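Reading through the structure tokens given below for one structure.
The values are calculated or read from the model by the stated rules, or taken from the named source; none is laboratory data. Not measured: the values here are computed from a predicted model. Neighbour counts run over all protein chains shown; Cβ positions are idealised from the backbone, glycine included. Heavy atoms of the whole protein, side chains included, go into the accessibility calculation; ligands, DNA and RNA do not. Shrake-Rupley method; radii C 1.70, N 1.55, O 1.52, S 1.80 Å.
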Amino acid sequence: MFSLPELSYDYDALGKYISKDIMQLHHSKHHQTYVDKLNAALDAAPGLRDRPIESLLGDIDSLPQDVQSAIRNNGGGHYNHSLFWQWMSPDGGGQPSGQLGDAITDKYGSYQAFTDEFTAKALGVFGSGWVWLQPDLSLVTTANQDNPLMSGQASPLLGLDVWEHAYYLDYKNKRNDYVEAWWNVVNWDVVADRFSKSTVNS
Ligand code: MN3
């Protein structure tokens, strides 16, 4: 059975960038609901119960039809949010350094050019979805709770939730303001760690 991961920081830790109200609602209600519905779907498909979430999502199109959508939406929701919490930190922000910083500058020309392109992708997602930075430093968008694993791609280095539930309480309809604020809490240490492991494994 899957369970809601604890945050490594308090609900109010991201301060003015992402409020306590959003963090509490997003984690304890939205994410909890994905976990509960994922577990309910697996109750109905006992043969899938022992498989890691990455295995279920990577194989999503082959799962039994009667639970496929539930696992896609709620398993995706659980996986995406479990990472999303780690990608933010009260000590975040700034710019990536080291190997990751160099690689981003090589590919995009500058950190600013990278964030500009990422932000443009985030604003281009119609309705609910995510933007992802992949280990090859390409940018990918997905709808709903889909993620790159579902199309056979690698697990992302970084991702941003652009569902309205992620920002509406603080930013209303201004997704641009949310994305701009979010850069101040990005946990580049975690992203750099994922990058170094992906390079080693590729
Ligand atoms: Mn969300």
A122 - would you say it is small (G, A, S), within 16 Å of the ligand (Cβ to nearest atom) and either more than 15 Å from the chain's Cα centre (by Cα) or over 18 Å from K16 (Cβ atoms) (or both)? yes
Identify, by number, the condition in (1) polar (S, T, N, Q); (2) within 16 Å of the ligand (Cβ to nearest atom); (3) more than 23 Å from S128 (Cα to Cα) that S55 doesn't meet. (2)
Would you be able to tell me the number of residues in the stretch 82-100 that are in contact with a helix residue (DSSP H, G or I) (Cβ under 8 Å, 6 or more places away or on another chain), under 17 Å from D10 (Cβ atoms) and in a helix (DSSP H, G or I)? 2
Of everything in the stretch 34-51, what is of a type outside the set (F, W, Y), within 21 Å of the chain's Cα centre (by Cα) and open to solvent by less than 60 Å² (accessible area, probe 1.4 Å)? Give them in sequence order. V35, L38, N39
Select from the stretch 156-183 the residues that are under 17 Å from L83 (Cα atoms) and open to solvent by 40 Å² or more (accessible area, probe 1.4 Å) and list them in ascending order. W163
If a residue must be loosely packed, with under 15 Cβ neighbours inside 10 Å and within 17 Å of G77 (Cα to Cα), how many such residues does the stretch 52-66 contain? 4
All conditions in (1) within 25 Å of D177 (Cα to Cα); (2) within 16 Å of the ligand (Cβ to nearest atom); (3) in contact with a helix residue (DSSP H, G or I) (Cβ under 7 Å, 6 or more places away or on another chain) are true of N74 except (1)
S151 fails exactly one of the following numbered conditions: (1) over 16 Å from the mean Cα position of the chain (by Cα); (2) closer than 23 Å to Y34 by Cβ; (3) open to solvent by 50 Å² or more (accessible area, probe 1.4 Å). What is the number of that condition? (1)
Please find, within the stretch 7-28, the residue that is farthest from V185 (Cα to Cα) out of those that are open to solvent by 60 Å² or more (accessible area, probe 1.4 Å) and out of contact with any helix residue (DSSP H, G or I) (no Cβ under 9 Å at 6 or more places or on another chain). Q24
Exclusive hit being modelled with pLDDT under 95 and either surrounded by 13 or more Cβ atoms within 10 Å (Cβ to Cβ) or touching a strand residue (DSSP E or B) at 6+ places or on another chain (Cβ under 9 Å) (or both), set S198, S202: S198
Residues that are within 14 Å of the ligand (Cβ to nearest atom) and not aromatic (F, W, Y), drawn from the stretch 153-178: G159, L160, D161, V162, E164, H165, A166, L169, D170, R175
